[in-house]
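Below is one structure, written out as structure tokens, with a few remarks after it.
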Amino acid sequence: MTITVTMTVNGEERSGTCEERTLLVTFLRETLRLTGTHVGCDTSQCGACVVHVDGDSVKSCTMLAVQAEGRDITTIEGVADGDTLHPIQQAFHENHGLQCGYCTPGMIMSALDLIKHNPDPSEREIREHLEGNLCRCTGYHNIVKSIRAAADKMAAGS
Amino acid sequence: MYAFSFHKPETLEEAKRLFGESDDPRYLSGGHTLLPSMKLRLAAPSDLIELNAIESLKGIALEGDNVVIGAATRHGEVAQSRDVQSVIPALADLAGMIGDFQVRNRGTLGGSIANADPAADYPAAVVGLNATVRTDRREIAADDYFTDLFETALEDGEIVTSVSFPKPVRAAYMKFPNPASRYAIVGVFVAETTTGMRVAVTGAGASVFRVPEMESALAANFAPNAVADILISDDDLNSDIHAANDYRAHLVTVMAKRAVEKALG
């Protein structure tokens, strides 16, 4: 059955039609055309689809769009401030924190949630936090380095 | 995923009414098992009844020496709860080991134990701490709750409302996780409780089970060495691409030993 769902996405109220069985990630990508959120494994393991729901990072392939009704969603498109990259995005750029870039939106959304809870994470804490985000290119070293650099920059800027 | 109707009741009564009126309903909590199962078409309910809007299923409360956790409480909330951390640190520790950060932001206690996955972590704490499962119609003792592979004592349509965990004298959980899914290949919860010693094993068999030999050994001497030479039979243990049954039996001993070490701090 076709239903209409309404949610706040990156600060704007957005509505669209879908089915009850439509996943949140599918709604974001195909209905709202926000294709920055990726589908990797579709089995809640890889983390390419991580978005924030009411401030908490979740895997949008394992949540229905209808469950996001009335909620506040942030996707990778809502992270930068206009043309100015978020410090985490800038740090990934400067530290070569990506190769193919497929996992990067999820990595950044996950890192944002980490730094929100723990503004000064150790390397070990960063690696533990990234358990749910898989990267098949970098071996994680530069991703961890990027997140550590971003934490420093964000602490200095606040 | 096949089509279904979605419902979001705000009271238990409404949830039960919807369940009664539907052809082939399923309750939905965190959705981190049910939705993947539906994608694989292993489950195809006619109606999904989401329980997360029911306020009475949420929250963590202290009742005397018990920590009572609402069924719709997410793993991340349990892991980060100051109350759980101070009264039963082993339980907060276990909750923080479930899946990954994002999974812990969605998955719930009630969903985990209603589903009773053989490799889930929570069953080890429920049985290890001799908890009481509260439902919309009764209370069920931990030892009577988990009955078999994905099977519990719950009746059709019965809803877990909360779980009451008594404060142990000391306890700890150790697991050997599958590196991809973080599910327990073997997890062992060791607890000295006010009603006796308990060793509960998850991941190894069809359902969580206790190890009486280890319990009596620990009752006599609560030390890692007390369980180091106890090897359980691998006859009824799981054997799959992740680990053979004899390896799981070996891991039970190793995880039990490490859990005792951890409980001793």
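Coordinate-derived values only; no laboratory data. The model shown is predicted, which means the values in this text are computed figures rather than measured ones. Heads up, the Cβs are rebuilt from the backbone with ideal geometry, glycines too, and the neighbour counts pull from every protein chain shown.
Brief remarks on what is shown
- Averaging the Cα positions of each part gives two centres, and for region A:109-158 and region B:108-152 these lie 35 Å apart.
- Rg/Rh for region B:1-55 stands at 0.96; both radii use Cα atoms, and Rh follows the Kirkwood definition.
- Dipole check for chain B: with +1 at the C-beta of Lys and Arg, -1 at the C-beta of Asp and Glu, and the Cα centre as origin, the magnitude is about 880 Debye.
- Surface/4 of the Cα convex hull for region B:170-263, nm²: 5.6
- Table column - 3J(HN,Hα) (Hz), region A:15-27, Karplus curve with 6.51, -1.76, 1.60, x for Gly and Pro: 10, x, 9, 7, 9, 4, 7, 5, 6, 4, 4, 5, 4
- Relative to the dominant Cα principal axis of chain B, helix B:245-263 is inclined by about 80°.
- Think of the protein assembly as shown as having a plus end and a minus end, set by charges on the Cβ of Lys, Arg, Asp and Glu; of B:Leu218, B:Asn115, B:Thr132, B:Leu218 sits farthest toward the positive end of this dipole.
- Mean Cβ count within 10 Å, highest first, over the residues of peptides B:100-113, A:52-65, A:137-150: B:100-113, A:52-65, A:137-150
- In this rough spin-label picture, where each label sits 7 Å from Cα along the Cβ direction, the B:Ser216-B:Arg137 distance is 3.8 nm.
- Charge dipole (debye, nearest 20) of region B:1-55; +1 at Cβ of Lys and Arg, -1 at Cβ of Asp and Glu: 320
- Between A:Leu134 and A:Gly47, A:Ala48, the built amide H atoms are under 5 Å apart, and every one of these is 5 or more places off in sequence or on another chain.
- At q = 0.11, 0.14 Å⁻¹ the log10 of I(q)/I(0) for the protein assembly as shown amounts to -0.87, -1.31, computed by Debye summation with a single uniform scatterer per C-alpha, solvent ignored.
- Relative contact order [Cα under 8 Å, 6+ residues apart], region B:75-141, whole percent: 24
- Taking amide H as placed 1.01 Å from N in the peptide plane, the amide H of A:Arg21 sits under 5 Å from that of B:Phe4, each at least 5 places away or on another chain.
- For chain B, calculated [θ]222 nm from helices alone, where every DSSP H run of n ≥ 4 adds -39500 (n - 2.57): -9000 deg cm²/dmol
- Euclidean distance between Cα centres, region A:78-95 to region B:173-233, Å: 47
- Each 5 Å bin from zero up to the one holding the largest Cα-Cα distance in chain A carries the following percent of pairs: 2, 10, 19, 22, 19, 13, 9, 4, 1, 0, 0.
- Percentage relative contact order, chain B, counting C-alpha pairs under 8 Å, at least six apart: 15
- Each Lys and Arg contributes +1 and each Asp and Glu -1, all at the Cβ; summed about the Cα centre of the protein assembly as shown, the dipole is approximately 960 debye.
- Calculated on C-alpha atoms, the gyration radius of region B:93-217 divided by its Kirkwood radius gives an Rg/Rh of 0.94.
- Spacing of the two label points (7 Å from each Cα toward its C-beta) at A:Arg136 and B:Ala228, in nm: 4.4
- Candidate lysines - alpha carbon under 17 Å from A:Lys116, same-chain residues fewer than 8 apart omitted: A:Lys153
- Whole-number percent relative contact order across region B:1-106, with pairs defined as alpha carbons under 8 Å at least 6 apart: 24
- Share of pairwise Cα separations in region B:1-110, more than 25 Å, in percent: 30
- Computed over chain B, Kirkwood Rh from alpha-carbon pairs, angstrom: 18.6
- Rounded Å value of the spacing that divides the Cα centres of region B:1-37 and region A:1-58: 20
- Amide H contacts of B:Val186 (H built 1.01 Å from N, under 5 Å, at least 5 apart or other chain): B:Phe176
- The modelled label-to-label distance between B:Thr147 and B:Glu21, using points 7 Å beyond Cα along the C-beta direction, is 2.9 nm.
- Net length available on complete extension from B:Ser239 to B:Leu12 is 77.8 nm, with 0.36 nm assigned per residue and the Cα-Cα distance removed.
- Relative compactness, region A:2-78, computed as alpha-carbon Rg over 2.2 N^0.38 Å: 0.95
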